[in-house]
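Below: one structure, written as structure tokens.
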Amino acid sequence: MTKKCLFLMLAVLMVATSSLVAADSQESSYTRYDKGSQMFTFRAGPTIPAFMWFFNPKAGDNSFPVGPGGEENKGTGLSIGGYGGIAYQAFISPVAAFGGELGYSFGFDRGGKLLTIIPIAAKLTWIPLQGIIETPLSVSAGLSYLSLGGTEPKGKFSFFAALEVGVTWFPSDNWGVGLTSGLWLIPDIYLLTDKPEHNSLLGIVPIALSVTYRN
């Protein structure tokens, strides 16, 4: 059920984006921003564990179902979590902005241990449709701090990458509200240990409400 809801929400977001682009086709060539314009974005919402891929899997390890699963289907072993973050970007062209985002994400494994993910990433955003309705498309790359409560070592840094798409409505000239979703990729690598079977890639789908200030 959770998987069906996830794909339904993503489909609604894509359809809404396409509809808004078609409705605002007269503004498709309009560019609001100048080089040096700035944008602050505050985001918060749930995070859905999409898959856990082990590079050296044992039988039944790799799992793509959304959610924690059950006895017959282990799923990712993670609960739906939450995310909050702040991003700052400056426009390097009339349609592209570059900056960074700092966030905090949490969830729980099936044993009740707290999983903390703190992404620190550079972010590039392309906004092909601008004005009252905007469609930001973003790619991010950087590091994430990972910590699972009750385990040793307590925490580690890993690579972080994200692809996201969104829709933002600006009821005023400076302030806007929106919805974004996409896919985070977070590898968990053990290069210098005797646990190569633990090397894995975690995929997470964030669904975030956003508030944006632009000038």
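The values are calculated or read from the model by the stated rules, or taken from the named source; none is laboratory data. Note that the structure is a prediction, hence the values are computed from the model and not measured. So basically every Cβ, Gly included, is an ideal-geometry build from the backbone, and we count neighbours across all protein chains shown. Please note that ligands, DNA and RNA were not included when accessible areas were found on the heavy atoms of the full protein model with its side chains. Shrake-Rupley method; radii C 1.70, N 1.55, O 1.52, S 1.80 Å.
At a glance:
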| item | result |
| --- | --- |
| Estimated vicinal HN-Hα couplings, Hz - the range 118-131 in sequence order (Karplus 6.51, -1.76, 1.60; Gly, Pro = x) | 10, x, 10, 9, 6, 9, 10, 10, 10, 10, x, 10, 10, x |
| Potential lengthening between Leu183 and Phe159 on full extension [0.36 nm per residue; Cα-Cα distance subtracted] | 7.2 nm |
| Packing-based ranking, highest mean first, of 129-136, 159-166 given that Cβ atoms within 10 Å are counted | 129-136, 159-166 |
| Accessible surface ranking that places the most exposed of Lys35, Lys156, Lys123, Lys113 first, with a 1.4 angstrom probe | Lys35, Lys113, Lys156, Lys123 |
| Residues of the range 79-100 with amide N under 16 Å of the 7 Å Cα→Cβ point at Lys35 | 90-98 |
| Relative contact order [Cα under 8 Å, 6+ residues apart], the range 73-215, whole percent | 15 percent |
| Met52 accessible area, assembled protein chains, probe 1.4 Å, Å² | 30 Å² |
| Accessible surface, 1.4 Å probe, highest first, among residues Phe170, Phe40 | Phe40, Phe170 |
| Linear extension gain, Tyr190 paired with Ile92, 0.36 nm per residue minus alpha-carbon span | 31.5 nm |
| Computed lengthening from Phe54 to Ser172, 0.36 nm per intervening residue step minus Cα-Cα distance | 37.8 nm |
